[in-house]
Amino acid sequence: MIDPPNQGTGKSMEAIHSELLDALPARAESPAEGLVARGWWSAPDVVPSDLATDLRHDLQALVEADRLRRGGIGRERDFQVEASIRRDRISWLTRDRPVQRRFLDQMEAMRLDLNRALFLGLFEFECHYAVYPPGGFYRRHYDSFRGAANRIVSLVAYLNPEWQPGDGGELVLYADDSSRPLTRIEPRHGTLAIFLSEEIPHEVLPATKDRYSIAGWFRLNASIGGQVDPAR
């Protein structure tokens, strides 16, 4: 079951959808168009500034309360922490905290838009906060094994005001298995990026200061042949 997208917010899905569209720059390419054209899309100021600020404060409160854990690789019995591959700390978002619910509502509107435009059959969205300390990184990887049909579209939202050139921490997307970068996305406050989970390898470069973000995935129905792959 999927939680009601606007539970507790007092807003209709139509209002949330309108807010998402209003956040996109005028005449900008839509997320669906970007996925079709290149397999990825990114734009600044998609997450409203006040929401991005509130999310950052929420994340900082979790950090101060020692509520984050080391990020790892693999799922379930294959899960392991490997510092040579990934150096971040994470906390999964839920609808229990109002600011997290607001972000999940925005992502629900995007899920519906992608399904309408591309008939992807996206069933749910999962995401977590991620904090990379100075020097932290995530080596090049795919978010989903080809043919696994679980994570379909990956998403990253950034919560870093006053990020400057030279601070590092860029998300680098690559063209399949080549070493040619498709793009480098700076982790600036409110910027959002999406890309095809099975098709585009990517990495997070080291930064010179703490780097705050949300990483998420639009997924198909995870129940396949009686086997369930739940979010960790």
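Tabulated data
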read-out	value
Selected residue [modelled with pLDDT of 80 or more and touching a His at 6+ places or on another chain (Cβ under 9 Å)] from Val99, Val36	Val99
Members of segment 102-120 that are surrounded by 13 or more Cβ atoms within 10 Å (Cβ to Cβ) and either modelled with pLDDT under 95 or not charged (D, E, K, R) (or both)	Phe103, Leu104, Gln106, Met107, Ala109, Met110, Leu112, Leu114, Asn115, Ala117, Leu118, Leu120
Residues (out of contact with any Gly (no Cβ under 8 Å at 6 or more places or on another chain) and not in a loop (DSSP other than H, G, I, E, B)) located in segment 158-181	Gly168, Leu171, Val172, Leu173, Tyr174, Pro181
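The values are calculated or read from the model by the stated rules, or taken from the named source; none is laboratory data. Quick caveat, the model's predicted, so the values are computed rather than measured. When we count neighbours, we look across all protein chains shown, and the Cβ atoms used for this are built from the backbone with ideal geometry, even at glycine.
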